[in-house]
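Trainee: Before anything else, here's the structure in question.
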Amino acid sequence: MPFNLDPLNPFPFYSIMRKRSPVYFDEKSEIWNVFSYTDVRKVLWDYKNFSSEFEMDGILKGTIINLDPPAHDKLRALVSDPFSPNNVGQLSNRIKDIVNEILNNVKGNEIDIISELAIPVPVRVIANLLGLREEDLWKFKDWTDSLVGVNDYSTDKITELIEYLSEIIAERKTEPKKDLISLLLCSTVDGEKLTEKQLLGFIVLLLIAGNETTTNLIGNGVLTLLENKNSLYELKKDKQKMTTAIEEILRYRSPVQGMFRVAKNDVELSGKKIKKGSAVLAWIGSANRDENQFPNADKFIIDRSPNPHLAFGSGVHTCLGAPLARLEGKIVLSTLLERFSNMELVDQRLEPITNGLFYGVKSLKIYIS
């Protein structure tokens, strides 16, 4: 993080930067920071000038988040069909079953939305899609949290993850199943099968994309609705507004606050000259609160329309798992509203997750009845 932001409420700082210095070079981190909606969207959309092919070490190097077209498009096409809205929609009943199973086992009238619901639901769903064992879900969460910096980075945990997935890949080579790992094993790019490293990177990326964003979407959604009781009551009266409510939660408390790019050419942005090779950080959380794009930007409006937020990015790098995240968020929140006539926040000190580019809390306890 180039700035000392309040991780639970960075929005006043974003507002100041949009007004005073919408494109700002932080000398300490040597990163250009972009805050306005128009500029953030340009950085995310214009891969010819703002590339995703920045220096990256580790298992995610060379995956679709670290490539530009045409290489990006060829790899993304391998899994675009399973993550299409139509195919994702077929998971609805399975997701509902998981949510109800969890809620049926809640003891008493208090639940930690994060640990008991927002983490296990998306991890179980993506594990099912990949063909991984559900009983290992807490391992997946621990490993991926470490990889993206939500927990302390641990090379031992990354090694464990790679060893675990390598064993699964070896099993699928001899005994294919109807899962994404088996699909990727059979896939080719320009007539060539994926290398072991490409395959591992793809699986790890899908694990991360399948749980980190959705966990924060669910947690942020519950927190936002319980802080805005009028919106909660409105949603209870008209469940058709759940679709727009999910979009507004994504805008209002974006699970991903920022994305990195590198300048591919010398380029000018809002009067600032950015040299080729410079690191650029597009602040999505700021863009989604830009008052020039969203009237009453700091107000949660449950049926806001239009709502062209950038929570899932923009352009060729729009999040692959966006349809799945939306569906899971919609089902979890709808089920909570159906099952409980009353929900209240427990008096607690909210602790933010430690990765400054993600927005969420580690725990969120609520009373239910």
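The values are calculated or read from the model by the stated rules, or taken from the named source; none is laboratory data. Computed from a predicted model, the values in this text were never measured in an experiment. With ideal geometry, Cβ positions are generated from the backbone for all residues, glycine too; neighbour counts draw on all protein chains shown. Protein only, heavy atoms only, side chains kept; ligands, DNA and RNA dropped before computing areas. Shrake-Rupley method; radii C 1.70, N 1.55, O 1.52, S 1.80 Å.
Trainee: Compute the relative contact order of the chain as a whole-number percentage, counting only Cα pairs closer than 8 Å that sit 6 or more residues apart in sequence.
Mentor: 28 percent
Trainee: Go ahead and collect, in residue order, the members of region 158-178 whose backbone nitrogen is under 13 Å from a label point 7 Å along the Cα-Cβ direction of ASP142.
Mentor: What the label zone holds, given the 13 Å backbone N cut-off, is 158-161.
Trainee: Restricting things to alpha carbons, tell me how big region 1-85 is in terms of Rg and Dmax, in Å.
Mentor: Final numbers for Rg and Dmax: 16.2, 44 Å.
Trainee: Now a separate question. Name the lysines eligible as straight-distance cross-link partners of LYS197: C-alpha to C-alpha under 22 Å, and not fewer than 8 places from it in the same chain.
Mentor: List returned: LYS61, LYS74, LYS139, LYS141, LYS157, LYS173, LYS177, LYS178.
Trainee: With a 1.4 Å probe and every protein chain kept in, tell me what percent of the accessible surface of the chain is carbon plus sulfur.
Mentor: On the way: 8160 of 16820 Å².
Using a 1.4 Å probe with all protein chains present, the chain comes out at 49 percent carbon and sulfur.
Trainee: Springs between alpha-carbon atoms under 10 Å, Gaussian network over the chain: tell me which of ASP46, ASP57, ASP97 tops the mean-square fluctuations.
Mentor: Greatest mean-square fluctuation among the candidates belongs to ASP57.
Trainee: Another one. Quick one: ranking PHE312, PHE13 by accessible area, 1.4 Å probe, largest first, what do you get?
Mentor: These residues rank, largest area first, as PHE13, PHE312.
Trainee: When ligands, DNA and RNA are left out and all protein chains stay put, how many square angstrom of accessible area per residue does region 1-80 have with a 1.4 Å probe?
Mentor: 52 Å²
Trainee: On the full set of protein chains, 1.4 Å probe, figure out the accessible area of TYR252 and give it in Å² to the nearest 10.
Mentor: 30 Å²
Trainee: Shifting gears a bit: Setting aside same-chain residues fewer than 8 positions from LYS237, which lysines have a Cα under 24 Å from its Cα?
Mentor: LYS96, LYS229, LYS299, LYS330
Trainee: Ok, one more. Which distance in Å, rounded to a whole number, links the C-alpha centroids of region 234-261 and region 298-369?
Mentor: 6 Å
Trainee: Further, regarding this structure: So what J values fall out for region 158-169 if you push phi through Karplus, 6.51 cos²θ - 1.76 cosθ + 1.60 with θ = phi - 60°, rounded to Hz, Gly and Pro as x?
Mentor: Working through the residues one at a time gives 5, 4, 4, 4, 5, 5, 4, 5, 4, 5, 5, 4 Hz.
Trainee: Name the most mobile residue of LYS42, LYS139, LYS178, meaning the one with the largest mean-square fluctuation, in a Gaussian network model of the chain with Cα contacts below 10 Å.
Mentor: LYS178
Trainee: Which of these, PRO85, PRO120, PRO70, has the largest mean-square fluctuation under a Gaussian network model of the chain (Cα springs below 10 Å)?
Mentor: In the Gaussian network model the winner is PRO70.
Trainee: OK, next. Could you give the nm distance between label points at ASN105 and SER29, where each point is 7 Å from its Cα heading toward the beta carbon?
Mentor: The answer from the label model is 3.9 nm.
Trainee: Moving on. Output the direction-averaged projected area (hull surface divided by four) of the convex hull of the alpha-carbon atoms of the chain, in nm².
Mentor: Mean projected area of the Cα convex hull: 18.3 nm².
Trainee: Of all the Cα-Cα pairs you can form in region 245-369, what percent are over 23 Å apart?
Mentor: 46 percent
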